[in-house]
Amino acid sequence: MGSEPVLIFSKQVKKSQKNFIPKMDLEEVSLENILPKEYQRTDLNIPEIPEIEIVRHYIGLSKKNYGVDTGIYPLGSCTMKYNPKINEVIARLPGFANIHPLQTKNEGALTLIFEMAKLLGKITGMDGFTMQPAAGAHGELTGLFIMKKYFENKNINKTKIIIPDSAHGTNPASAAIAGFSIIELESNESGEVPIDQLEFAMKEGDVAGIMLTNPNTLGVFDSQILEITRIVHKYGGLCYYDGANLNPVLGICRPGDMGFDIVHLNLHKTFSTPHGGGGPGSGPVGVKEELIQFLPEPCLISTRSGIYCRENSNTSIGYIKAFWGNFGIIVRAYAYIIALGAEGLKRVGQISVLNANYLRVLLKSKYNLPYDRLCFHEFILTDKKIPNGVTTEDIAKRILDYGFYAPTIYFPLIVSGAMMIEPTETETKTSLDQFYDVLITIYKEAESTPELLKKAPFNTPIGRLDAVLAARKPVLKE
Ligand SMILES: *Cc1c(COP(=O)(O)O)cnc(C)c1O
């Protein structure tokens, strides 16, 4: 299997490029003064193979791939759920897909962005939104720039930010890039923010506020959330809500009502764009009224005569991305929200929580559940109770043999041997039960044939990789 050609170039059957490439009908231009000789191409190696071989080649590759359209994809923190195909069709409508951002008459597109900002405002309880950021982490950076500008504008110097250790890894990274130093708070035994330590850190002064991933990477919704925002505000700080995984709280509660001042969402997770695969994303940022003036430019403002674009304000943090962000992602999310409506969004929240808790309760019979409490969209298991030295990695590899994707593993870092499982709201009870059966079968294999698990996977195009070698000396070319 490993020797099967992966590149179409290795399937070349004829070498007659001269006949294959049409004759140039333009005058030949000398590249002498344009491009150094070493960069000039002397021949063009385009594979020349029959159509049927091309079709077989790509269909073969697609069959090696795994995606949500193939089966359950319980990759925690990523919300790998099924997204309705109709939203892909809508995003490809010529009126959306073929416009240029500099086209002056793109009022339809601007209206969609504007309406989307209003919808997200309603969903999160925020007063203003920018749709520009291109990803979750980019939204975090935008939000932190806004936080910085807010204090600069008041002539207050704040250099630190509080981030619990259960936060998504991008939180401290974004805060550091925005120029803050980080005060890490160790979660308490129930996976929540330790309130007295939060107050202690805020009292020290010089703290701009808190960045909270909620539900956090343990799948825990902090029961003290109102107390957290109250304390941060009491000492003049701002509260940032990482809402990348908004699905479990959709239609149920809103960061704005919890006292948060800034929130980012991942449209590519919660709202109908597949996450991962390197495609474009969208991480809109919402703020409360007094922070609207700091939103990036261009900013859409609605008046009685229509929507207009605010530019060159002296309080804005400026441009964060060219034009209006990744428009196609916004179109998909808009279609998704409009189709579901308020009731549908609430069902998303309820079912994502129900599905995660269903698996959590079933699996804790055999797997160690370090935070044994109601979870939200995801939960953590560990390999602590697995017999014969079988590890999280072995289990994850073996899951692939049974035709499913593995959960996120060894994350969050604060739980040793973590398996982070997020079934998402779009899985049926049947597929959840199948996944459960696979995990129980693997547990039994750990009891009876642990050496098998150590060598898994067996049914994938490539077997177990030497992880160290792959990281240190990766072979990136065929
Ligand atoms: C995915 C995720 C992010 C980062 O989003 P990207 O689009 O990958 O940059 C941030 N926070 C949480 C909680 C996430 O799950």
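The residue that is farthest from the chain's Cα centre (by Cα), counting only those in the range 103-134 that are assigned to a loop (DSSP other than H, G, I, E, B), surrounded by fewer than 22 Cβ atoms within 10 Å (Cβ to Cβ) and in contact (Cβ under 8 Å) with a residue 40 or more places away in the chain, is Asp127.
For Pro298, the conditions (1) touching an Asp or Glu at 6+ places or on another chain (Cβ under 8 Å); (2) crowded, with 21+ Cβ neighbours inside 10 Å are fulfilled apart from (2).
Listed by first and then second residue, the pairs linking a residue in the range 75-98 that is farther than 17 Å from Val348 by Cβ and aliphatic (A, V, I, L, M) to a residue that is within 13 Å of the ligand (Cβ to nearest atom) and part of a helix (DSSP H, G or I), with Cβ atoms under 9 Å apart and 6 or more places separating them unless they lie on different chains, are Ala91/Ile329.
With (1) touching a Lys or Arg at 6+ places or on another chain (Cβ under 7 Å); (2) within 16 Å of the ligand (Cβ to nearest atom) as the list, and Val207 as the residue in question, which single condition is left unmet? That leaves (2) as the condition not met.
Within the range 250-272, residues that are of a type in the set (Phe, Trp, Tyr) have Cβ atoms under 6 Å from residues that are surrounded by fewer than 24 Cβ atoms within 10 Å (Cβ to Cβ) in these pairs: Phe271/Tyr336, counting only partners at least 6 apart in sequence or on another chain. The condition of being among the β-branched types (Val, Ile, Thr) and either in a helix (DSSP H, G or I) or touching a strand residue (DSSP E or B) at 6+ places or on another chain (Cβ under 8 Å) (or both) does not hold for Val68.
State yes or no: is Leu185 touching a Pro at 6+ places or on another chain (Cβ under 6 Å), modelled with pLDDT of 95 or more and hydrophobic (A, V, I, L, M, F, W, C)? Yes; evaluated as a whole, the condition is true for this residue. Scanning the range 135-156 for residues that are more than 16 Å from the ligand (Cβ to nearest atom) and in a loop (DSSP other than H, G, I, E, B) yields a count of 3. Restricting attention to the range 396-427, the residues being closer than 17 Å to Val438 by Cβ and among the hydrophobic types (A, V, I, L, M, F, W, C) number 9. Residues of the range 166-182 that are surrounded by 16 or more Cβ atoms within 10 Å (Cβ to Cβ) and under 15 Å from the mean Cα position of the chain (by Cα): Ala167, His168, Thr170, Asn171, Ser174. Restricting Gly349, Gly403, Gly344 to those that are surrounded by 16 or more Cβ atoms within 10 Å (Cβ to Cβ), small (Gly, Ala, Ser) and in contact with a helix residue (DSSP H, G or I) (Cβ under 9 Å, 6 or more places away or on another chain) reduces the list to Gly349. Checking the range 370-392 against the condition returns no match, with no residue being over 23 Å from Leu465 (Cα atoms), over 26 Å from the mean Cα position of the chain (by Cα) and assigned to a strand (DSSP E or B).
Please work out if Gly191 is surrounded by 22 or more Cβ atoms within 10 Å (Cβ to Cβ), within 16 Å of the ligand (Cβ to nearest atom) and at negative phi. No; evaluated as a whole, the condition is false for this residue.
Only one of the listed residues (Ala175, Ala167) is out of contact with any helix residue (DSSP H, G or I) (no Cβ under 7 Å at 6 or more places or on another chain), hydrophobic (A, V, I, L, M, F, W, C) and within 16 Å of the ligand (Cβ to nearest atom). That residue is Ala167. Remark: pairs (first residue in the range 216-228, under 16 Å from Met202 (Cα atoms); second residue outside any loop (DSSP other than H, G, I, E, B) and within 16 Å of the ligand (Cβ to nearest atom); Cβ separation under 9 Å; 6+ apart in sequence or on different chains) = Ile225/Leu212; Ile228/Ile210; Ile228/Leu212; Ile228/Cys239. Applying the condition of being more than 11 Å from the ligand (Cβ to nearest atom) and of a type in the set (Gly, Ala, Ser) to the range 220-258 and asking which residue is surrounded by the fewest Cβ atoms within 10 Å (Cβ to Cβ) yields Ser223.
No other residue among Gly209, Gly205 is surrounded by fewer than 20 Cβ atoms within 10 Å (Cβ to Cβ), outside any helix (DSSP H, G or I) and at positive phi apart from Gly205.
Surrounded by fewer than 12 Cβ atoms within 10 Å (Cβ to Cβ) and at pLDDT 85 or above: is that true of Ala322 in this structure? It is true that Ala322 is surrounded by fewer than 12 Cβ atoms within 10 Å (Cβ to Cβ) and at pLDDT 85 or above.
The values are calculated or read from the model by the stated rules, or taken from the named source; none is laboratory data. All figures in this text were calculated on a predicted structure; none of them were measured in a lab. Glycine gets a Cβ as well: all are built from the backbone with ideal geometry, and neighbour counts include every protein chain shown.
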